[in-house]
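What follows is a short report on a single structure.
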Amino acid sequence: IGANVIAVPTNTITYVLLATDTAADCVTSDTFFVDVGIIPSAGTANAPVDTVCVGATTAISVVSSVGNIQWQINDGTGWVDATGLSSDSSVYTFMPTGDADYRAVAFSGGCPNDTSNSVSIAVLLITDPTAFDTVRCGPGPVNMNATGIGQQVWYDEPVGGTKLGTGSIFTINIQDTDTFYVESNVGTLCNVGEEDNTIGNTSTFTSTTANWGLQFNTQQPIYLDRVHVYVGNTAGNITVNLRDAIGGNLLHTGTFFVPANVAKHPLDLGWFVSNGTGFALELQANPTVDLIYNFTGSGYPLSAPGCPVTITGYFNPNLNTFDDYLYFYDWEISDGCKTNRFPAIATVLPLPPKPSVIQNANTLSAVDPALSYQWYLNGLPIAGATSQTYVVTQLGDYQVEIGSANGCTEISNIYTITIISPPGIDEGAEEIDLQIFPNPTADVFNIAFELEETANVKITLRNALSQDLILLNEEKIRGKYENQFDATNYTDGIYLLEIEVDDVSFNRKLIIAR
């Protein structure tokens, strides 16, 4: 009644307005609709992870919200709408492109909007590594090289396999051509669990009927990259399982060969584990292979600063939190982002055969033909000495390095020169048709000569110490002679043969080499 009526509707309603003129005895009416909106509440925003890999999809959500929801983003330049006004989803799934904050805005009719708390999501930038092939001559160490964002991790297989090392440069010894695989990791790298089994008393046992192991929680998604085991007296295969709970659903499994009596043998897992609690890492019952564990010295929970994994207890098969520690030591954990693996080939080129050196008078010769030569004296290259032969001018240790078409080189053993022949050592030998063969020799050698008349012939063998050994000293008549001498008892080296015919001397060099 009256011109103004105050009403407080609690739900949507239609009102009818009646106007009455009692004097004229007439009544008129009108209707109007009142839409009563609920008071909006944005609730609490949650993000399951606070970091995501570039190119990955994530989702954020609100709980206990009232009204329609619109999502907003702030990348540092201010809040802007991330979804349209028509959106009423309490879950926002998207692919972030950079670090930013996110919040939900709830709206309802003409009522004032409500804003949730903000959540921050960081984007980890990662790109595929660039791996470089390498070449070496013969077996030995190679430096494998790769570049990329984050840390490079090297494996022997494109999937699974054994983790070989980390770093943009990785050194490994190889015998033959081999292929290695590298991935890039960005995020936290940490270790958790007992580092080794020196914490207390140990025993060797593997259950033959039940699966034993360790229970753990994760604060965010992680990769369980590697664990270590201690092996008893028997080698063989063991199976390791990851379940979502003790006795629960199988998430991952792997079978690994372990050698006997090996301390801290690595098992490369590379298993993804989501954010959650109560996961079980277990050793499958095994009737043949025993692993070593601690029955004293540990304690739970086990964690590490900044590492998103906590080991909460052991099970055998029931969960316990005493001081036993079962099987799996020094866990290697990574979170964040990983790329695919990319190959890098290490090629081993064949070496040329090891060169042999022979001597004729003052001339050293490389026996085998090669593409290139370099002579060395006392470990240093001789300038300009790049031929197959080299005339020595100094005493010392000589070597020759030969090169092949593939660019590989090989160096000879040391050949020591202790005597340099004086000029004219072979002069006059043609007068008696003097021949010494074989030269070099390993066992016997022959001396042949011809006399025009009867003469006394004396043959002397002189070593590097100027010690003389008379091989022959007798009168010979006119004619041709050939005498064989045994050299098996002589040491390797260069000897001087002096052949005296009456009062005339003829000198030749004899090489004994085996």
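Run residue 256 past the list (1) in a strand (DSSP E or B); (2) touching a residue at least 24 places away in the same chain (Cβ under 8 Å); (3) farther than 30 Å from residue 47 by Cα and report the number of the one that doesn't hold.
Result: residue 256 fails condition (2) only.
Please go through region 291-314 and give me each residue that is within 29 Å of the chain's Cα centre (by Cα) and either in a strand (DSSP E or B) or within 30 Å of residue 233 (Cα to Cα) (or both), ordered by number.
Residues of region 291-314 within 29 Å of the chain's Cα centre (by Cα): 291-293, 302-311.
Those that are within 29 Å of the chain's Cα centre (by Cα) and either in a strand (DSSP E or B) or within 30 Å of residue 233 (Cα to Cα) (or both): 291, 292, 293, 302, 309, 310, 311.
Within region 354-388, how many residues are closer than 15 Å to residue 410 by Cβ and either of a type in the set (A, V, I, L, M) or touching an Asp or Glu at 6+ places or on another chain (Cβ under 6 Å) (or both)?
Final tally of qualifying residues: 8.
Quick one: which of 385, 366, 361 is modelled with pLDDT of 95 or more and either over 30 Å from residue 299 (Cα atoms) or more than 35 Å from the chain's Cα centre (by Cα) (or both)?
Working: 366 fails: modelled with pLDDT of 95 or more; 361 fails: modelled with pLDDT of 95 or more.
After applying the criteria, what remains is 385.
Considering only residues that are in a loop (DSSP other than H, G, I, E, B), at pLDDT 95 or above and not aliphatic (A, V, I, L, M), which ones fall in region 369-382?
Once the filter is applied, which keeps residues that are in a loop (DSSP other than H, G, I, E, B), at pLDDT 95 or above and not aliphatic (A, V, I, L, M), region 369-382 yields 378, 379.
What number of residues within region 473-495 are within 60 Å of the chain's Cα centre (by Cα) and in a strand (DSSP E or B)?
Adding up the residues that qualify gives 4.
Each row is one residue, and each column tells you yes or no for (1) at pLDDT 95 or above; (2) basic (Lys, Arg); (3) not assigned by TED's automatic domain parsing to the domain that holds residue 404.
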{"residue": "119", "(1), (2), (3)": "yes, no, yes"}
{"residue": "131", "(1), (2), (3)": "yes, no, yes"}
{"residue": "139", "(1), (2), (3)": "yes, no, yes"}
{"residue": "143", "(1), (2), (3)": "yes, no, yes"}
{"residue": "153", "(1), (2), (3)": "no, no, yes"}
{"residue": "160", "(1), (2), (3)": "no, no, yes"}
{"residue": "163", "(1), (2), (3)": "no, yes, yes"}
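Output the residues belonging to region 74-116 that are without any contact (Cβ under 8 Å) to a residue 24 or more places away in the chain and within 14 Å of residue 45 (Cβ to Cβ). First the steps, then the outcome.
Kept after step one, since they are without any contact (Cβ under 8 Å) to a residue 24 or more places away in the chain, are these residues of region 74-116: 77-78, 80-89.
Of everything in region 74-116, those that are without any contact (Cβ under 8 Å) to a residue 24 or more places away in the chain and within 14 Å of residue 45 (Cβ to Cβ) turn out to be 82, 83, 89.
Hey, can you tell me all the residues within region 107-127 that are in contact with a Lys or Arg (Cβ under 8 Å, 6 or more places away or on another chain) and part of a strand (DSSP E or B)?
115, 119
Pull up region 224-253, narrow it to residues that are in contact (Cβ under 8 Å) with a residue 40 or more places away in the chain and β-branched (Val, Ile, Thr), then point me to the one that is farthest from residue 312 (Cα to Cα).
234
Identify, from the list 234, 288, the residue that is out of contact with any strand residue (DSSP E or B) (no Cβ under 8 Å at 6 or more places or on another chain) and farther than 28 Å from residue 154 by Cα. Talk me through it step by step, then tell me what you get.
Numbers: 288 fails: out of contact with any strand residue (DSSP E or B) (no Cβ under 8 Å at 6 or more places or on another chain).
Exactly one residue qualifies, and that residue is 234.
What do you reckon, is residue 104 over 16 Å from the mean Cα position of the chain (by Cα), in a strand (DSSP E or B) and closer than 30 Å to residue 58 by Cβ? Working first, answer last.
Working: over 16 Å from the mean Cα position of the chain (by Cα): yes; in a strand (DSSP E or B): yes; closer than 30 Å to residue 58 by Cβ: yes.
Yes, satisfied.
Could we say that residue 77 is among the hydroxyl-bearing types (Ser, Thr, Tyr), more than 30 Å from residue 341 (Cα to Cα), assigned to a loop (DSSP other than H, G, I, E, B) and not assigned by TED's automatic domain parsing to the domain that holds residue 188 here?
Working: among the hydroxyl-bearing types (Ser, Thr, Tyr): yes; more than 30 Å from residue 341 (Cα to Cα): yes; assigned to a loop (DSSP other than H, G, I, E, B): yes; not assigned by TED's automatic domain parsing to the domain that holds residue 188: yes.
Criteria met by residue 77.
Just for region 484-514: of the residues that are touching a strand residue (DSSP E or B) at 6+ places or on another chain (Cβ under 8 Å) and closer than 14 Å to residue 451 by Cα, which one is surrounded by the most Cβ atoms within 10 Å (Cβ to Cβ)?
Step one: list which residues in region 484-514 are touching a strand residue (DSSP E or B) at 6+ places or on another chain (Cβ under 8 Å), which gives 484-488, 490-502, 505-513.
Remaining after also requiring closer than 14 Å to residue 451 by Cα: 499-502, 505-506.
Details: 499: 22, 500: 17, 501: 19, 502: 13, 505: 12, 506: 20.
Only one residue tops the list, namely 499.
If residue 119 satisfies all but one of (1) over 30 Å from residue 406 (Cα atoms); (2) aliphatic (A, V, I, L, M); (3) touching a Ser or Thr at 6+ places or on another chain (Cβ under 8 Å), what's the number of the condition it fails?
(3)
Among the listed residues 339, 393, 347, identify the single one that is at pLDDT below 95, closer than 25 Å to residue 134 by Cα and among the β-branched types (Val, Ile, Thr).
Checking each option against the conditions leaves just 339.
Name the single residue that is farthest from residue 399 (Cα to Cα) among those in region 342-374 being buried (at least 18 other Cβ atoms within 10 Å of the Cβ) and among the small types (Gly, Ala, Ser).
By that ranking, first place goes to 344.
With the condition kept exactly as written, say whether any residue in region 189-204 is in the same structural domain as residue 303 (by TED's automatic domain parsing), within 24 Å of the chain's Cα centre (by Cα), polar (S, T, N, Q) and in a strand (DSSP E or B).
yes
Restrict the check to region 300-314 and report whether at least one residue is of a type in the set (A, V, I, L, M), surrounded by 15 or more Cβ atoms within 10 Å (Cβ to Cβ) and in contact with a helix residue (DSSP H, G or I) (Cβ under 9 Å, 6 or more places away or on another chain).
Checked region 300-314: no residue is of a type in the set (A, V, I, L, M), surrounded by 15 or more Cβ atoms within 10 Å (Cβ to Cβ) and in contact with a helix residue (DSSP H, G or I) (Cβ under 9 Å, 6 or more places away or on another chain).
Going through region 363-413 one residue at a time, which ones are without any contact (Cβ under 8 Å) to a residue 24 or more places away in the chain and either touching a helix residue (DSSP H, G or I) at 6+ places or on another chain (Cβ under 6 Å) or of a type in the set (D, E, K, R) (or both)?
Matches in region 363-413: 397 only.
Determine whether residue 296 is touching a helix residue (DSSP H, G or I) at 6+ places or on another chain (Cβ under 9 Å) and under 23 Å from residue 196 (Cβ atoms).
Yes: the conditions hold for residue 296.
Kindly indicate whether residue 471 is assigned by TED's automatic domain parsing to the domain that holds residue 441, surrounded by 13 or more Cβ atoms within 10 Å (Cβ to Cβ) and at pLDDT 90 or above.
Values: assigned by TED's automatic domain parsing to the domain that holds residue 441: yes; surrounded by 13 or more Cβ atoms within 10 Å (Cβ to Cβ): yes; at pLDDT 90 or above: yes.
When the stated conditions are applied, residue 471 passes them.
Which is surrounded by fewer than 19 Cβ atoms within 10 Å (Cβ to Cβ) and in a strand (DSSP E or B), of 97, 171?
On the way: 97 fails: in a strand (DSSP E or B).
Selected residue: 171, the only one of 97, 171 that is surrounded by fewer than 19 Cβ atoms within 10 Å (Cβ to Cβ) and in a strand (DSSP E or B).
The values are calculated or read from the model by the stated rules, or taken from the named source; none is laboratory data. Please read all numbers here as calculations on a predicted model, not as lab measurements. All Cβ positions, even for glycine, are placed from backbone atoms using ideal geometry, and neighbour counts span all protein chains on display.
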